[in-house]
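Heads up: the structure comes next, in structure tokens.
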Amino acid sequence: MSGQRPSSAWGVLLAGGDGTRLQTLTTRIEGDSRPKQFCRMLGDETLLTQTRRRISPLFDGDKMITVVTQKHEEFYSRELNDLPPTAVVVQPENRGTGVALATAILMLRELDAEAIVAAFPCDHHYRNEHAFLDAVEAGILVARDNPTRSFS
């Protein structure tokens, strides 16, 4: 990782899922039915907080947007209370990853027409965070250096 934050790069944190597949485990860990991204599965931080911390070397705090679902407010409200309201997109319902990402991208078109967007599910663990950040940074730099090329 070069240590220089790529300009016009935005991180979109996807934290709106219901966490049904691991509900038995997360209930055992937390004592309630919270989705896994709001659960302290590995250490003292929730998976959402781990994701925010993990990507912070690449994105300024004002270049991160977190997408959540209204019904999970009791789980994310304290965790995201340090963010401005514009940094949290609250979906009325969970409609899946595609809709969450599209919503964030549409919002970003108004804020930064040149935005390069990197999406981060908030229910993942990376053993080698340095290698992960290097790969993300490399992808952002390729996108920045090839603005007319379509990537899929």
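Give the residue, chosen from Gly11, Gly31, that is surrounded by fewer than 22 Cβ atoms within 10 Å (Cβ to Cβ) and not aromatic (Phe, Trp, Tyr).
Gly31
Inspect region 120-129 for any residue being of a type in the set (Lys, Arg) and not in a helix (DSSP H, G or I) and give the result as yes or no.
Among the residues of region 120-129, at least one is of a type in the set (Lys, Arg) and not in a helix (DSSP H, G or I), which makes the answer yes.
Going through region 102-127 one residue at a time, which ones are free of Cβ contacts under 8 Å to residues at least 60 places away in the same chain and more than 14 Å from the chain's Cα centre (by Cα)?
Leu106, Met107, Arg109, Glu110, Leu111, Ala113, Arg127
In region 69-95, how many are touching a residue at least 60 places away in the same chain (Cβ under 8 Å) and over 14 Å from Leu48 (Cα atoms)?
2
Restricting to region 110-141, count the residues that are touching a Ser or Thr at 6+ places or on another chain (Cβ under 6 Å) and over 25 Å from Val68 (Cα atoms).
Selection size over region 110-141: 0.
Please go through region 130-152 and give me each residue that is over 30 Å from Leu22 (Cβ atoms), part of a helix (DSSP H, G or I) and free of Cβ contacts under 8 Å to residues at least 40 places away in the same chain, ordered by number.
Ala138, Val142, Ala143, Asp145
If you check Phe75, Phe59, which single one turns out to be within 19 Å of Ser8 (Cβ to Cβ) and of a type in the set (Phe, Trp, Tyr)?
The unique qualifying residue is Phe59.
Residues to consider are Leu80, Leu108; find the one that is crowded, with 17+ Cβ neighbours inside 10 Å and within 22 Å of Arg34 (Cα to Cα).
Leu80
Of all residues in region 122-145 being closer than 16 Å to Gly11 by Cα, touching a helix residue (DSSP H, G or I) at 6+ places or on another chain (Cβ under 9 Å) and modelled with pLDDT under 90, which is surrounded by the fewest Cβ atoms within 10 Å (Cβ to Cβ)?
This residue is His124.
Which count do you get for residues in region 92-105 that are more than 22 Å from Glu79 (Cβ to Cβ) and surrounded by 15 or more Cβ atoms within 10 Å (Cβ to Cβ)?
1
May I ask you to list the residues in region 34-47 that are surrounded by fewer than 17 Cβ atoms within 10 Å (Cβ to Cβ) and modelled with pLDDT of 90 or more?
Within region 34-47, Arg40, Asp44, Glu45 qualify.
Among the listed residues Val142, Val136, Val99, which satisfies the condition of being under 15 Å from the mean Cα position of the chain (by Cα), more than 19 Å from Thr86 (Cα to Cα) and among the aliphatic types (A, V, I, L, M)?
Val136
The values are calculated or read from the model by the stated rules, or taken from the named source; none is laboratory data. These numbers come from a predicted model, not from an experiment. Cβ atoms come from the backbone with ideal geometry, glycine included; neighbour counts cover every protein chain shown.
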